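Any read-out appearing in this document is the output of simple, stated calculations on the displayed coordinates, not a laboratory observation. No experiment lies behind these values; they were computed from the predicted model shown. Positions of Cβ are generated from backbone atoms using ideal geometry, with glycine treated the same way; all protein chains shown enter the neighbour counts.
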Amino acid sequence: MGDTERYAPGWPGIPPRWTSSAKSGAGTALNQHSRVWFTTSHGILDEIYYPRVDQACTRDLGLIITDGKSFFSEEKRHCKFENCPLMPGVPVFELTNTDLQRRYQIVKEVLTDPYRNVVLQKIRFVPLRGTLADYHLYALLYPHLANRGADNTGWLGDYKGVPMLYAEREGCALAFACSTPWKAMSVGFVGASDGWQDLSKNFQMTSDYTRAENGNVALTGEIDLAACGGEFVLAVGFGGIWSEAGQQVRSSLLESYADLRSHYVMQWEKWQQSLLPLDQALRERDLYRASVAVLRTHESKDFLGGVIASLSIPWGFNKGDEDLGGYHLVWPRDLVETAIGFLAAGAEGDAVRVLHYLESTQEEDGHWAQNLWLDGRPYWNGLQMDEAAFPILLVDCLRRGCPSTLGDIKRWWNLVRRAAGFLVRNGPVTQQDRWEEDAGYSPFTLAVEVCGLLTAADLADAVGETAMATYLRETADSWNENIERWTYVTGTDLARQIGVEGYYVRIAPPENDCASSPSEGFVPIKNRPAGENQASATHLISPDSLALVRFGLRAPDDPRILNTIKVIDALLRVKLPQGPCWYRYNGDGYGEHEDGSPFDGTGIGRPWPLLAGERAHYELAAGRVQAAEELLRVMEFSTEGGRLIPEQVWDAVDIPTRELFVGKPSGSACPLVWAHSEYIKLRRSLRDGKIFDQPPQAVKRYIGEKKKATCFGWRFNNKCRTMPQGKKLRLVLPAAARIHWSFDTWRTSRDTDTTDTSLGTFVADLPAERLSVGNEIVFTFYWLKEERWEGTDYSVEVEVS
């Protein structure tokens, strides 16, 4: 370093924060050459991701406008924003920002270089008062390289004579340049010596610091309006080192912007033209093309088929480096929903690519991590049984929907067998429900598990594993028949209040061990303050039970379903300007506080548009097409101008100072890929006149054939103390054992050895089907491999079926 280095004061700057999660746009080039992704909100560029879609590298990049002497204006705070996609399904965005005092207007077009790791903005600055000479224009970029705002180093430099602003951290570098060379440049520490501090106080750049090391840094460059005539291109490029980033930027700026734009658009248009035209009927706010683009935009380019949940960090403006993953992680459940969304749109190859990714990230024991980085490293360590079953459903959905693209089913049998084995070894209880909060018996999880077992059985038959297929179906039958035993309550105060006989609860706690009804259990409520974080299971209701219809286990007119819908609508339905929407469950704490302040570990859950989509699928199953169409509209009008569906929408009085407006995106994740997948599937379902992703096996077996279980299962994570009359008692064990059992309290006894299912479980059936009500079965185990007795006697009493 030379003696002329001018170090910025104020190290390390204020604690770094991310930015708004309410995105208005997200995009990337549709090829594997350009490994950058961008998001927009508030009229500016937000996070840019490089070299993977799970690694954010900037907070935001916006413009500051001054007259050099008396006024300071920041476009993201002092403008009215308009966001217009170039064309449906092509993620090029025209952002028009008009000063609230009508002094200027900024028009931007945002896209990525389709062949380089560079995000480009073509910008036109238009004075609405005075002339260009009356204004100073500055670009302010906040690097957050490799998912962290701390420990970044910024400096001034050049690449082959082209002036650039640089930043780097841990093997990741960015370069920032303008098509018209910077008029002035400076780097500094955020909140102390950055360009915002300088310009807000002095209305022009008075600092020209050349270096700021190992902190929360900002890069500032002044655009030479006189030289460019108010039109210019900003380029942010990335590489492993500064020179690579600089070369990428210079190379992009030397190319014809029109040619780069044309190639970018052409690639997206070609893919969109290959999809099913589910948007032929004219709609006031059609999200179909935008939704399929959202799915594809969130896919990795090196870990093909890996699609993250959202290019956002919920309430990011209130979060720092401690929220390393945000929503830019893979959730296997969301990923399967995405794959089926692709399939619904006719993107067969994209859907199969997701299955390849799932195959490569399956854990040794057959399950998938709760969520994971794209390279397969688990992020959180919860266990959700539906996430082990969903990939099986995807295999079957692809087998039925695009058999030629999927190929020989034997190719996928190992994935299915291992996942099915995990289910029978660890189900039916889940460590976490689909909302990642509570353990127990969840109607949603049970529905997915049962369908996973049934579809795995069909696939077992297809590869000649008939004995395994029989065992899987018998397990599914037993679990299906017990859903009401585990999750349906009757005669409660709430039932009497609503005027119904009973209803399905959100989740029944696992510690019941089938000894009693869920009414005797309590469920922890996450994200609620102390004293409000526990409730009786009978008091917690969720739309999750509609999965029993969605997956074909119960008919839409089943009286228990109809009862539950009355309770759901009484407790969870909210009227928004666009129509009805629903909460995840009563007492939910995942959302803003009452005053609109951001979720900070506690809060109040808000309505989820994707739940309107799920309810629409129920209405379609019930034959109420018009109701389903109206709920499709609810999803469409839960968006802002960018046509991105949020995780949650605001449901209270408008709070403009917090940018919260009733029926519009809250501070939660936006876009939510899962919600866009649900929208696409609903479009396909409405076109077909039936639920697109409903597995046919459960419908045929339980609604058509009304198949009953022949056995009742006992296992160590499901130690039932009673069983219905007329069933065999099936003991499901983790290792080979000799069952020592008696029907007459040990006056006489017998021994039965277990049978290996080849799925990691060992089973023995005791002939309890001939016992009368009140009889008791007692048993214990001798573990054959360890040559030891269990040392405990267990008992199960026969009750009225």
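Quick one: dipole size for the chain, taken about the Cα centre, charges +1 on Lys/Arg Cβ and -1 on Asp/Glu Cβ, in debye to the nearest 20. Please list the in-between numbers first.
Working: 85 positive and 105 negative charges, 293 e Å.
So the dipole magnitude of the chain works out to roughly 1400 debye.
Given the pairs LYS319/LYS664; LYS526/LYS727; LYS122/LYS681, which are separated by over 28 angstrom at their Cα positions?
Working: LYS319/LYS664 22 Å; LYS526/LYS727 38 Å; LYS122/LYS681 35 Å.
The pairs that break the limit, which is 28 Å between Cα atoms, are LYS526/LYS727; LYS122/LYS681.
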A correct Stokes-Einstein calculation for the stretch 524-575, using the alpha-carbon Kirkwood radius, 37 °C and 0.692 mPa s, returns a whole-number D in µm² s⁻¹ of 260
P(r) over all Cα-Cα pairs of the stretch 173-239, 10 Å bins from 0 to the longest distance, whole percent per bin, short to long, reads 21, 46, 31, 3
Cα centre as origin, Lys/Arg/Asp/Glu Cβ charges: the stretch 119-209 dipole, Debye: 360
Over all alpha-carbon pairs in the stretch 436-499, figure out the percentage whose distance exceeds 15 Å. 61
Sorted by mean Cβ packing within 10 Å, highest first, what order do the peptides 669-675, 795-801 take? 669-675, 795-801
Taking the simple approach of a point 7 Å from Cα along Cα-to-Cβ for both SER758 and LYS160, what is their distance in nm? 6.3
If the cut-off is 14 Å between C-alpha atoms, which aspartates and glutamates fall inside it for LYS301, apart from same-chain ones fewer than 8 positions away? ASP54, ASP350, ASP375
One point scatterer per Cα, no solvent, Debye formula: log10 I(q)/I(0) for the stretch 526-664 at q = 0.21 Å⁻¹ comes out as -1.30
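If you average the sequence gap of Cα pairs under 8 Å that are 6 or more apart and divide by the length of the stretch 189-256, what percent do you get for the contact order? Could you put the intermediate results ahead of the total?
Details: 39 pairs, mean separation 15.9, N = 68.
Relative contact order comes out at 23 percent.
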Please name which of ALA235, THR490, ASN717 has its Cα lying farthest along the dipole of the chain towards the positive end, using unit charges on Cβ (Lys, Arg +1; Asp, Glu -1) and the Cα centre as origin. THR490
Can you give me the P(r) profile for the stretch 1-158? Cα pairs, bins 10 angstrom wide beginning at 0, each as a whole percent. 10, 34, 33, 20, 3, 0
Relative contact order (percent, whole number), the stretch 235-387, Cα cutoff 8 Å, 6+ residue spacing: 17
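How much length is gained on full extension from ARG658 to GLU799, taking 0.36 nm per residue of separation minus their Cα-Cα distance?
Numbers: separation 141, 0.36 × 141 = 50.76 nm, distance 5.74 nm.
Value of the extension gain: 45.0 nm.
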Take the Cα pairs of the stretch 68-111, get the Kirkwood Rh, then feed it into Stokes-Einstein at 25 °C and 0.890 mPa s and tell me D in µm²/s. 213
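So what is the orientation-averaged projected area of the stretch 35-95, using the convex hull of its C-alpha atoms, in nm²? Let's see the in-between values first.
Working: hull surface 21.3 nm².
Over every viewing direction, the Cα hull of the stretch 35-95 projects on average to 5.3 nm².
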Violating pairs (Cα-Cα greater than 21 angstrom) within the set LYS76/LYS575; LYS80/LYS108; LYS707/LYS728; LYS270/LYS690: LYS76/LYS575; LYS270/LYS690
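Can you give the convex hull volume of the alpha carbon atoms of the stretch 315-357 per residue, in Å³?
Details: hull volume 3.9 nm³, N = 43.
Output value, Cα hull per residue: 90 Å³.
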Rounded to the nearest 500, what is the chain's calculated 222 nm mean residue ellipticity when only DSSP H runs of at least 4 contribute -39500 (n - 2.57) each, over all residues? -8500 deg cm²/dmol
Counting residues in the stretch 86-150 as N, plug N into 2.2 N^0.38 Å and put the Cα Rg over that result. 1.43
Would you calculate the volume per residue, in Å³, of the smallest convex hull containing every Cα atom of the stretch 191-296? 231
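Can you give me the orientation-averaged projected area of the convex hull built on the Cα atoms of the stretch 106-258, in nm²? Working shown, then result.
Numbers: hull surface 35.7 nm².
About 8.9 nm², averaged over all directions.
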Step by step: find N for the chain, compute 2.2 N^0.38 Å, then divide the Cα radius of gyration by it. What's the final number? 1.05
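Wrap a convex hull around the Cα atoms of the stretch 629-712, take a quarter of its surface area, and give that in square nanometres. Display every interim value, and only then the final one.
Numbers: hull surface 35.4 nm².
Here the figure is 8.8 nm², rounded to one decimal.
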Treating only the Cβ of Lys, Arg, Asp and Glu as charged (+1, +1, -1, -1), what charge dipole size does the stretch 458-567 show about its Cα centre? Round to the nearest 20 debye. 540
Rounded to the angstrom and largest first, Cα extents along the principal axes for the stretch 1-50 equal 45, 28, 17
Cα convex hull of the stretch 219-279: how many Å³ per residue? 169
